[in-house]
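Enquirer: Please see the structure below; I have some questions.
The values are calculated or read from the model by the stated rules, or taken from the named source; none is laboratory data. Note that the structure is predicted; figures quoted are calculated from it, not measured. Every residue, glycine among them, receives a Cβ derived from its backbone with ideal geometry; neighbour counts consider all protein chains shown.
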């Protein structure tokens with residue numbers, strides 16, 4: 001980890017550092033990949049970071065807050081991390097890089113959110129199996145091991161897999 | 001907004017937080033004993049959502065009143081909670097869990113719509129996010145209500161028994177709040193509770209008609225709809241406060 005001198009510290013440098021902060025529940029993706037970083041403001045005496053929770057009740061929020069504080073400690077100025085809801089996080093905020101990292105680590109990325117379509121119809125749209133790529137997959141359960149994941153089964157490779165929910 | 005009606009807003013936040021907290025703990029009673037594995041996971045996930053929603057609402061209430069959100073959640077006596085009596089019937093069987101959740105989720109959805117875009121930003125912001133998550137809950141419980149109602153044997157019978165047991169408390173989500181007129185004047189709440197109850201009846205009417213289920217009557221004593229919680233809640237309260245009471249003041 002490189003300590004950046006205060007004079008050269010800008011928003012881009014802080015955002016790049018936040019790309020090192022992994023999601024505690026899916027460590028293959030960072031909070032930047034997930035689109036959780038809504039705002040970074042570098043003031044002379046403080047760094048302000050506004051994050052959008054993926055789910056209101058996400059139990060990883062405290063861990064994420066301390067991981068952000070720990071990572072930004074390298075910049076040697078106070079860090080103010082806030083979780084806000086004024087922009088609702090949706091799964092459409094996951095970046096293309098984040099979607100690819102999800103797929104490589106065995107999670108199907110979410111389909112585009114269609115608010116006008118019932119949830120069950122959205123979940124039942126073809127999801128590509130992250131293991132073999134087949135679209136012969138079926139929804140097993142809209143609820144999985146964490147709030148943001150659903151469970152599917154692939155008829156081609158006969159493996160269960162998890163998908164990030166459209167939300 | 002010129003002036004925040006602090007007392008009325010506090011009552012609204014307390015009622016919503018207590019509702020989500022109590023239904024969350026009630027649903028967590030199914031962890032490990034739901035009828036099938038997928039439901040074990042689903043109910044646990046729903047419970048986690050609701051308790052998370054409660055934590056966010058207690059957070060807003062704590063900021064408003066300058067009080068500790070954990071103390072608001074855990075350090076009150078049972079009679080000081082302001083959740084609706086619909087949630088005071090104990091865990092019951094699976095049909096009871098589905099009936100209670102269907103009635104609650106459908107009513108909560110109407111309440112959230114009436115708060116969306118409201119004048120107190122911290123709540124309006126949170127409500128926008130809650131609405132997105134609650135869609136999953138309604139999808140899930142709606143499918144189960146149909147499944148039980150379409151059965152021509154024990155499942156339907158049990159569903160009817162549960163709905164009968166809940167019927168007089170079904171509408172208590174819309175029990176009038178102290179000074180709710182102040183919330184409406186301030187632009188925080190879109191309409192008075194009796195009007196929201198009417199919207200809820202319109203929303204669930206077609207489903208109840210299609211499934212040939214009896215619509216719940218009006219609450220017998222709407223003004224007591226968030227009071228007099230009874231023995232089932234005393235038991236649940238002892239459960240969910242047991243860890244907190246075992247070592248007062250400790251951070252877990």
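Enquirer: Of all residues in segment B:1-38, which are without any contact (Cβ under 8 Å) to a residue 24 or more places away in the chain and in contact with a helix residue (DSSP H, G or I) (Cβ under 8 Å, 6 or more places away or on another chain)? Walk me through how you get there before you give the answer.
Expert: Let us first name the residues in segment B:1-38 that are without any contact (Cβ under 8 Å) to a residue 24 or more places away in the chain, namely B:2, B:28, B:31-33, B:36-38.
Across segment B:1-38, the qualifying residues are B:28, B:31, B:32, B:33.
Enquirer: For residue A:90, state whether it is within 12 Å of chain B (Cβ to nearest Cβ) and either over 22 Å from residue A:28 (Cβ atoms) or surrounded by 14 or more Cβ atoms within 10 Å (Cβ to Cβ) (or both).
Expert: When the stated conditions are applied, residue A:90 passes them.
Enquirer: While we're on this one: Among A:116, A:84, which is under 30 Å from residue B:117 (Cβ atoms) and surrounded by fewer than 13 Cβ atoms within 10 Å (Cβ to Cβ)?
Expert: A:116
Enquirer: Hey, could you check segment B:13-31 for residues that are in a loop (DSSP other than H, G, I, E, B) and more than 16 Å from residue A:146 (Cα to Cα) and say which is nearest to the other protein chains (Cβ to nearest Cβ)? It would help to see each step written out before you state the result.
Expert: Let us first name the residues in segment B:13-31 that are in a loop (DSSP other than H, G, I, E, B), namely B:29-31.
Subsequent filtering for residues that are more than 16 Å from residue A:146 (Cα to Cα) retains B:29-30.
Numbers: B:29: 17, B:30: 12 Å.
Checked segment B:13-31; the qualifying residue nearest to the other protein chains (Cβ to nearest Cβ) is B:30.
Enquirer: Quick one: would you say residue A:10 is within 14 Å of chain B (Cβ to nearest Cβ) and surrounded by fewer than 16 Cβ atoms within 10 Å (Cβ to Cβ)? First the steps, then the outcome.
Expert: Working: within 14 Å of chain B (Cβ to nearest Cβ): no; surrounded by fewer than 16 Cβ atoms within 10 Å (Cβ to Cβ): yes.
Criteria not met by residue A:10.
Enquirer: Being within 11 Å of chain A (Cβ to nearest Cβ) and closer than 18 Å to residue A:124 by Cβ is the filter here, so list the residues in segment B:130-149 that pass it.
Expert: Correct list: B:135, B:136, B:137, B:138, B:139, B:140, B:142, B:143.
Enquirer: Okay, moving on. Which residue pairs have Cβ atoms under 6 Å apart, sit 6 or more places apart or on different chains, and have a first residue in segment A:54-73 that is within 14 Å of chain B (Cβ to nearest Cβ) and free of Cβ contacts under 8 Å to residues at least 60 places away in the same chain and a second that is in a helix (DSSP H, G or I) and buried (at least 17 other Cβ atoms within 10 Å of the Cβ)?
Expert: A:56/B:52; A:56/B:53; A:56/B:56; A:56/B:129
Enquirer: Hey, another quick one. Determine, yes or no, whether residue A:130 is closer than 30 Å to residue B:124 by Cβ and part of a loop (DSSP other than H, G, I, E, B).
Expert: When the stated conditions are applied, residue A:130 does not pass them.
Enquirer: Which is loosely packed, with under 15 Cβ neighbours inside 10 Å and away from chain A (no Cβ under 14 Å), of B:186, B:203, B:190, B:155? Outline the logic, then answer.
Expert: Details: B:186 fails: loosely packed, with under 15 Cβ neighbours inside 10 Å; B:190 fails: loosely packed, with under 15 Cβ neighbours inside 10 Å; B:155 fails: loosely packed, with under 15 Cβ neighbours inside 10 Å.
Among B:186, B:203, B:190, B:155, only B:203 is loosely packed, with under 15 Cβ neighbours inside 10 Å and away from chain A (no Cβ under 14 Å).
Enquirer: Does residue A:27 qualify as being within 14 Å of chain B (Cβ to nearest Cβ), surrounded by fewer than 16 Cβ atoms within 10 Å (Cβ to Cβ) and under 26 Å from residue B:47 (Cβ atoms)?
Expert: no
Enquirer: In addition: Considering only segment B:36-52, I want to know if a residue exists there that is in a loop (DSSP other than H, G, I, E, B), more than 17 Å from residue B:13 (Cα to Cα) and within 14 Å of another protein chain (Cβ to nearest Cβ).
Expert: Of all residues in segment B:36-52, those in a loop (DSSP other than H, G, I, E, B) come to B:36.
Subset that is more than 17 Å from residue B:13 (Cα to Cα): B:36.
Pick out the ones that are also within 14 Å of another protein chain (Cβ to nearest Cβ) and you get B:36.
Taking every residue of segment B:36-52 in turn, at least one turns out to be in a loop (DSSP other than H, G, I, E, B), more than 17 Å from residue B:13 (Cα to Cα) and within 14 Å of another protein chain (Cβ to nearest Cβ).
Enquirer: Residue A:51: at pLDDT 95 or above, closer than 24 Å to residue B:53 by Cα and in contact with a strand residue (DSSP E or B) (Cβ under 6 Å, 6 or more places away or on another chain), yes or no?
Expert: Here the answer is yes, as residue A:51 does meet what is asked.
Enquirer: What number of residues in segment A:74-86 are within 14 Å of chain B (Cβ to nearest Cβ) and in a loop (DSSP other than H, G, I, E, B)?
Expert: Step one: list which residues in segment A:74-86 are within 14 Å of chain B (Cβ to nearest Cβ), which gives A:82-86.
Filter again for in a loop (DSSP other than H, G, I, E, B), leaving A:84-86.
Residues in segment A:74-86 being within 14 Å of chain B (Cβ to nearest Cβ) and in a loop (DSSP other than H, G, I, E, B): 3 in total.
Enquirer: Please go through segment A:111-153 and give me each residue that is touching a strand residue (DSSP E or B) at 6+ places or on another chain (Cβ under 8 Å) and more than 14 Å from chain B (Cβ to nearest Cβ), ordered by number.
Expert: A:126, A:127, A:128, A:129, A:130, A:131, A:132, A:134, A:136, A:137
Enquirer: State yes or no: is residue B:238 over 24 Å from residue B:13 (Cβ atoms) and either in contact with a helix residue (DSSP H, G or I) (Cβ under 8 Å, 6 or more places away or on another chain) or without any contact (Cβ under 8 Å) to a residue 24 or more places away in the chain (or both)?
Expert: Working: over 24 Å from residue B:13 (Cβ atoms): yes; either in contact with a helix residue (DSSP H, G or I) (Cβ under 8 Å, 6 or more places away or on another chain) or without any contact (Cβ under 8 Å) to a residue 24 or more places away in the chain (or both): yes.
Yes: the conditions hold for residue B:238.
Enquirer: Then there is this: Select from segment A:15-62 the residues that are more than 14 Å from the chain's Cα centre (by Cα) and in a helix (DSSP H, G or I) and write down the one among them that is nearest to residue B:127 (Cα to Cα).
Expert: Restricting to residues being more than 14 Å from the chain's Cα centre (by Cα) and in a helix (DSSP H, G or I), the top hit is A:62.
Enquirer: Still on this structure, I have one more. Hey, among B:142, B:90, B:117, which residue is in contact (Cβ under 8 Å) with a residue 24 or more places away in the chain and on the phi > 0 side of the Ramachandran plot? Walk me through how you get there before you give the answer.
Expert: Working: B:142 fails: on the phi > 0 side of the Ramachandran plot; B:117 fails: in contact (Cβ under 8 Å) with a residue 24 or more places away in the chain.
Among B:142, B:90, B:117, only B:90 is in contact (Cβ under 8 Å) with a residue 24 or more places away in the chain and on the phi > 0 side of the Ramachandran plot.
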